[in-house]
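Derivation of every value follows stated rules applied to the coordinates shown; laboratory data play no part. Please read all numbers here as calculations on a predicted model, not as lab measurements. Please note: Cβ atoms are built from the backbone with ideal geometry, for glycine as well, and neighbour counts cover all protein chains shown.
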Amino acid sequence: MVRWRLVAVAMVATVGLVVPSVGAGGAPERTVRTTSGLVRGVVEEEVRRFLGVPYAAPPVGELRWRAPGSVRPWSGVRDAGKPALPCRQAPGEIQNSSEDCLYLNVTAPRHRSGPKPVMVWLHGGGNFGGTGNEVDPRRMVSSGDVVVVTVNYRLGVFGFFGHPGLADSGSFGLLDQQAALRWVRRNAAAFGGDPRNVTLFGESAGGIDACAHLTSPRAAGLFDRVILQSGSCSFPGWTIGPGFTTPVAGPRSYWPSRHDVVAAGAAAATELGCPAGPAALHCLRDLPAEALLGRMTEFGAPASGTATLPLNPGAAVAAGAFHRVPVLTGHTRDEARFVTAWSELPDQPITEQRFHTLTEQAFGAHARHVRQRYPLTDYDSPALAWATLDTDRSMACPQLRDARGFAAQTPTYAYRFADRTAPPYAPVPPGSMPDGAGHAAELTYLFDIAGKPIDWNGNIVPHTPPQRALAATMIAYWTRFARTGNPNGNAPRWAPAHPDAPRSQELRTGPDGIAPVNAASAHQCAFWHAIDD
């Protein structure tokens with residue numbers, strides 16, 4: 001695995017070749033020169049923004065389902081004052097989207113003062129929704145003195161489709177992300193960033209994808225540190241969720257095999273009216289994007305057994321087959337509450353009887369032991385009991401399992417975001433259960449997000465002074481880690497993870513809210529590892 005990083009030597013020799021434009025009289029730089037041409041951004045009170053900058057050729061027409069190509073250089077100055085459209089989304093996600101979507105946004109400090117760490121953000125959304133345009137990293141940039149790049153990448157059927165005739169089946173979204181990282185290595189200096197200090201970070205699907213790059217030979221040398229938020233290589237998928245309310249029995253894997261993705265793609269081609277054989281791809285590429293949108297969630301996970309991911313990433317981490325870069329990884333205390341609340345269809349509430357049925361379906365011979373570990377008498381509702389066990393089994397324990405694997409080989413820091421008063425990223429339906437520290441609840445502590453956080457009535461919920469203090473501490477941790485590979489500084493000390501001594505940094509409000517916690521014990525991970533191994 002170490003040999004994968006040798007290509008970084010050649011790559012480092014090529015960085016720093018872009019000469020930045022210097023504003024007259026020390027004024028903030030509004031125009032910079034990238035490897036493809038000049039871009040003009042916008043200057044604000046604390047930051048400079050360069051929005052909608054292309055990092056790869058538009059993947060349309062004959063370039064649909066091909067590895068990302070090079071940007072065609074332009075003459076003159078390209079306007080970078082507004083973001084490009086997001087990538088095509090699953091129905092019900094973002095309304096305005098496009099296949100021509102391989103663009104990124106750069107937010108940099110208002111004034112240059114030496115090369116700054118670069119943080120490249122991969123958004124969540126299940127790999128079939130979301131956009132890098134959503135987050136505003138101004139607080140992270142201004143207080144942490146970093147450059148933040150947010151990326152749009154192909155989603156769903158456009159990003160992870162497979163077919164017998166496609167060499168990179170199931171990999172296109174990951175290849176887009178790697179193309180963006182190469183763009184950052186080549187162009188970071190133009191925006192005041194340090195191309196030799198790049199941190200890849202993401203949440204949910206973005207965290208899962210970031211973890212995949214840790215195990216991808218093709219990502220060797222593309223980043224120097226990684227932050228995984230509520231997304232790990234060992235994530236098995238939620239036990240139930242909106243649209244899939246019957247659990248799959250036994251251990252599960254998020255990562256489909258290339259064989260399965262290719263077979264699903266061949267079947268989809270037939271159902272879409274395309275002939276079998278080599279002519280199928282020509283037919284599929286001629287289809288309008290709208291004809292494919294119904295397949296978005298069918299192809300929402302990267303394939304393993306490919307040149308991009310030779311191994312299932314969870315197995316790769318367990319085997320030590322990952323790039324040796326510092327890792328910061330963590331989860332929220334109540335990850336599954338949001339997912340569970342939205343899985344309770346009007347005609348399928350999680351009653352005591354359904355809780356019994358779900359455990360039987362999911363755990364078979366182990367169901368009785370699961371119910372003993374999560375007795376309904378300990379919870380306000382059967383739904384809350386289910387959300388707790390699914391938090392533990394599907395998110396917290398896999399994240400902590402990977403943390404132990406990383407810690408055996410590289411500096412690793414684990415956290416648990418546990419502010420149960422946090423305003424949710426998206427609220428649960430009224431009357432279902434308390435929001436708690438649910439999935440994505442930490443995002444508004446790190447970023448400004450338009451229209452977030454909100455309550456059920458659509459009202460903006462401001463952070464309280466203690467929550468703003470926690471947000472500032474978290475940003476300081478994240479950006480110090482990006483700078484040095486160690487989050488420690490003036491904030492409460494964060495002890496590194498150890499493969500034999502599970503410990504995480506608890507992140508919540510209050511005078512003793514930031515302190516070590518044995519998250520593995522709190523989430524009953526020894527029990528779940530025995531059940532699922």
Using alpha carbon centroids, what distance separates the range 247-317 and the range 321-394, in Å? 28
Per-residue HN-Hα couplings for the range 27-44 [Karplus 6.51, -1.76, 1.60; θ = phi - 60°; Hz; x = Gly/Pro]: 5, x, 6, 9, 10, 10, 9, 9, 5, 9, x, 7, 10, 10, x, 10, 10, 10
³J(HN,Hα), Karplus 6.51/-1.76/1.60, whole Hz, each residue of the range 74-84, x for Gly, Pro: 10, 9, x, 10, 8, 6, 10, x, 8, x, 6
For a quick protection proxy, order the peptides 434-441, 113-120, 330-337, 460-467 by their average other-Cβ count within 10 Å, most packed first. 330-337, 434-441, 113-120, 460-467
With a cut-off of 8 Å between alpha carbons and a minimum separation of six or more residues, what is the relative contact order of the chain in percent? 14
Cβ-based charge dipole, the range 156-307, positive-most Cα from GLY206, GLY221, THR306: GLY221
So for each of 36-47, 70-81 I average, over its residues, the number of other beta carbons within 10 Å; can you give me the resulting order with the highest mean first? 36-47, 70-81
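What is the range 305-422 by shape, rounded, prolate or oblate, if you read a ≥ b ≥ c off the alpha carbon gyration tensor as root eigenvalues and call it rounded for a/c under 1.5, prolate for a/b larger than b/c, and oblate otherwise? Present the calculation step by step, with values, prior to reporting the outcome.
On the way: a/c = 2.40, a/b = 1.83, b/c = 1.31.
Prolate, since a/c reaches 1.5 and a/b exceeds b/c.
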Considering amide H positions built from the backbone, and no H for Pro or chain starts, which residues 5 or more places from VAL32, or on another chain, come under 5 Å of its amide H? VAL39, GLY41
